[in-house]
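*Asks:* Could you have a look at this structure, given as structure tokens, before my questions?
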Amino acid sequence: MTVLKVAVILLVIFLGLNYVNPDNWSPFAPNGVTGVLKGVSAVFFAYIGFDALSTTAEECKNPRKDLPKAMILSLVICTVLYVALALVLTGMVSYTKLNVGDPLAFVFGSEGANIPWVAGIIAISAVIALATVFLVFQIGQPRLWMAMSRDGLLPKVFSSIHPKFHTPWFATIVTGLVVAIPALFMNLTEVTDLASIGTLFALLVVCAGGLF
């Protein structure tokens, strides 16, 4: 699924390059440094998944060597893809028109390149992309709770390993419920903001603990 998702992103980038109008990049940063910083804080949740790799250390053959490489490589690849995608989108149409629910499909609609079949592919890939994100967090969070359970911070049942699948089954089920139930009632913007704030705070505490 990840390969398919990345393939669609590359398709959008390379197709979109043919419809880029450099005039749309002027002014390049209309809201200045303040606008950039606000944007970074808003989309930080897109990079949260990189630390999920560290939770799979027990399941890696050579975690000391492979995990650092995988984390750095994932950050580099994501950054390159996001920057390239942002440049293409803002080059195809004015940034003022991108305040829509589906900007990728929008730029290939009648307001942009007018390639309906690409918009259809993007709509399908969006569903697949959501599935890959859910899988990543279903891998990471249960293993965090498993480690906390082993340290005595959570009940022992959270560190229970399934005899067949060799995964923390109870923690995985609880994670699914904790995520799914609030998602039915909360606004998407609120969820992403809370995720960004919570992750930034957690990273701040970890870094402070390492320093002091």
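*Asks:* Residues that are under 25 Å from GLN138 (Cβ atoms) and at pLDDT below 85: does the stretch 83-98 have at least one?
*Replies:* Among the residues of the stretch 83-98, not one is under 25 Å from GLN138 (Cβ atoms) and at pLDDT below 85, which makes the answer no.
*Asks:* Further question: Among all residue pairs at least 6 apart or on different chains, which show Cβ distances below 6 Å where the first residue, located in the stretch 26-45, is within 23 Å of LEU75 (Cβ to Cβ) and the second is surrounded by 11 or more Cβ atoms within 10 Å (Cβ to Cβ) and small (Gly, Ala, Ser)?
*Replies:* PHE44/SER196; PHE45/ALA195; PHE45/SER196
*Asks:* Sticking with this structure for a sec: Report, ordered by the first and then the second residue, all pairs with beta carbons closer than 6 Å, sequence separation of six or more or different chains, a first member in the stretch 189-212 that is of a type in the set (A, V, I, L, M) and part of a helix (DSSP H, G or I), and a second member that is at pLDDT below 80 and surrounded by 14 or more Cβ atoms within 10 Å (Cβ to Cβ).
*Replies:* Listed pairs, sorted by first residue: ALA195/PHE45.
*Asks:* Related question: Considering only residues that are surrounded by 11 or more Cβ atoms within 10 Å (Cβ to Cβ), modelled with pLDDT of 85 or more and not in a loop (DSSP other than H, G, I, E, B), which ones fall in the stretch 155-188?
*Replies:* Correct list: VAL157, PHE158, SER159, TRP169, PHE170, ALA171, THR172, ILE173, VAL174, THR175, GLY176, VAL178.
*Asks:* Would you check if there is a residue in the stretch 98-111 being among the acidic types (Asp, Glu), over 30 Å from LEU87 (Cβ atoms) and out of contact with any Lys or Arg (no Cβ under 9 Å at 6 or more places or on another chain)?
*Replies:* The answer is no, given that none of the residues of the stretch 98-111 is among the acidic types (Asp, Glu), over 30 Å from LEU87 (Cβ atoms) and out of contact with any Lys or Arg (no Cβ under 9 Å at 6 or more places or on another chain).
*Asks:* Looking at (1) surrounded by 18 or more Cβ atoms within 10 Å (Cβ to Cβ); (2) in a loop (DSSP other than H, G, I, E, B), which is the only condition ASN99 fails?
*Replies:* For ASN99, the failing item is (1).
The values are calculated or read from the model by the stated rules, or taken from the named source; none is laboratory data. Quick caveat, the model's predicted, so the values are computed rather than measured. We place every Cβ from the backbone using ideal geometry, glycine too, and count neighbours over all the protein chains shown.
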